[in-house]
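**Q** Before I ask anything, let me first share the structure, which is written out below as structure tokens.
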């Protein structure tokens, strides 16, 4: 099985309060002269392969979602699914054929060029797959480049660039050229440049896919640490399921131009919308994604013996087997405030594991489980 470790990035975004950072409403992107006819046909439910006679390319079909402030929203799909076209509509590089894209309530469709440039400068930064560094500029000058283009004074550029370089762990490398850096370090420079811009929204298009697996995981770790500190709104494009499950507060799965499911990693694993999603996630190690909160039983009424082993509700299921073997009492599951929110008897954990592996628990197991909970 593919091993995925789900990290809880930002639980505060789950309530959905306030204005969305990005709103995408019924967006289509069709390349070709007969795009309007293609939108008509696709909106009636036709597959994009059936409109080839129109000599068009349907890249994005009826995309509809919101991105909440402070969340990492991952768009995942295979090559040709439309995800890169979608992200280019989020900053106005491409205009929808139909539908609308809004950033902080400002509709990008037909926005005058000057206002669009200002919105990009003030609101949105981008991290690219192939780094997009200027080869003749040092690390410091690359990081400060966006601020220079925006016309900020030298002292301000120096302050912000230095802060961003420190955030990504490149202090001491300021005077190096991109050719003197490893791939992972060059991607850190790209990330630092986006952070130095100070925008609330970051768009990351396959940002880590050019890195080898070990460096990739290291950069993922760094992004998650930075996100806890900075609470940026991040739209992250990837074709890698492991990456999506690890980084995303929510994940949008794309296929053939359409978004087929949006949900948390846990929701997509436990409630796949269709056979395609189910097949896509078949090899994921669910014990690294599902948490104690996913498998726990309600806490028993009355007094509870807190002498059992205590685990946090975000603890991955894979990390529960050691603690449950150390005590005859059910695990005590607590939330961030230390309040008891559930219990996990040993049989509950074993039943959860069997369900993860595609088996169904027997009624006898369930009744035994209830007895163990009652005596907790």
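Throughout, read-outs are computed from the coordinates displayed, never taken from laboratory work. Keep in mind the model is a prediction, meaning the values are calculated, not measured. With ideal geometry, Cβ positions are generated from the backbone for all residues, glycine too; neighbour counts draw on all protein chains shown.
**Q** In a GNM of the chain with a 10 Å cut-off on Cα contacts, which of 277, 67, 56 has the highest mean-square fluctuation?
**A** Looking only at 277, 67, 56, the biggest GNM fluctuation is shown by 56.
**Q** So what does log10 I(q)/I(0) come out to for the chain at q = 0.12 Å⁻¹, using the Debye formula with one equal point on every Cα and no solvent?
**A** Debye curve over Cα of the chain, log10 I(q)/I(0) at q = 0.12 Å⁻¹: -0.99.
**Q** A further question on this structure: What percent does the relative contact order of segment 48-135 come to when contacts are Cα pairs within less than 8 Å and at least six residues apart?
**A** Worked out over segment 48-135, it gives 17 percent.
**Q** Considering all alpha-carbon pairs of segment 249-313, what whole percent are spaced by more than 14 angstrom?
**A** Considering segment 249-313, 66 percent of its Cα-Cα pairs are separated by more than 14 Å.
**Q** Among 222-231, 81-90, 314-323, 120-129, how do they line up by average Cβ neighbours within 10 Å per residue, starting with the highest?
**A** 81-90, 120-129, 314-323, 222-231
**Q** State, in angstrom, two size descriptors of segment 124-263 derived from its alpha carbons: Rg to one decimal place and Dmax to the nearest whole number.
**A** When restricted to Cα atoms, segment 124-263 yields Rg and Dmax of 15.3, 48 Å.
**Q** Still on this structure, please answer the following. When only C-alpha pairs under 8 Å and at least 6 residues apart count, what is the relative contact order of segment 137-242, in percent?
**A** 29 percent
**Q** What is the helix-to-structure angle for 363-374, meaning the angle in degrees between its Cα long axis and the longest Cα principal axis of the chain, kept from 0 to 90 and rounded to the nearest 10?
**A** Roughly 80 degrees, rounded to the nearest 10.
**Q** Sticking with this one: Report relative contact order for the chain in percent, whole number only (criteria: Cα-Cα under 8 Å, sequence separation at least 6).
**A** 20 percent
**Q** Same structure again: Listed highest first by mean packing, meaning other Cβ atoms within 10 Å per residue, what order do 111-118, 346-353, 134-141 come in?
**A** Most protected by this proxy first, the peptides run 346-353, 134-141, 111-118.
**Q** Restricting the count to DSSP beta bridges whose residues both fall in segment 163-278, what percent are antiparallel, rounded to a multiple of 5?
**A** 50 percent
**Q** Calculate for the chain the 222 nm mean residue ellipticity that helices alone would give, adding -39,500 (n - 2.57) per DSSP H run of length 4 or more and normalising by residue count, nearest 500 deg cm²/dmol.
**A** -10500 deg cm²/dmol
**Q** Let me ask something additional. Angle between the Cα long axis of helix 183-196 and the longest principal axis of the chain, 0 to 90 degrees, nearest 10?
**A** It is inclined by approximately 80 degrees.
**Q** For each of 25, 71, count neighbouring Cβ atoms within 10 Å of the residue's Cβ, then give the residues from fewest to most.
**A** 25, 71
**Q** Further question on the same structure: Given the chain, what percent of its DSSP beta bridges are antiparallel, to the nearest 5?
**A** Antiparallel bridges: around 55 percent, rounded to the nearest 5.
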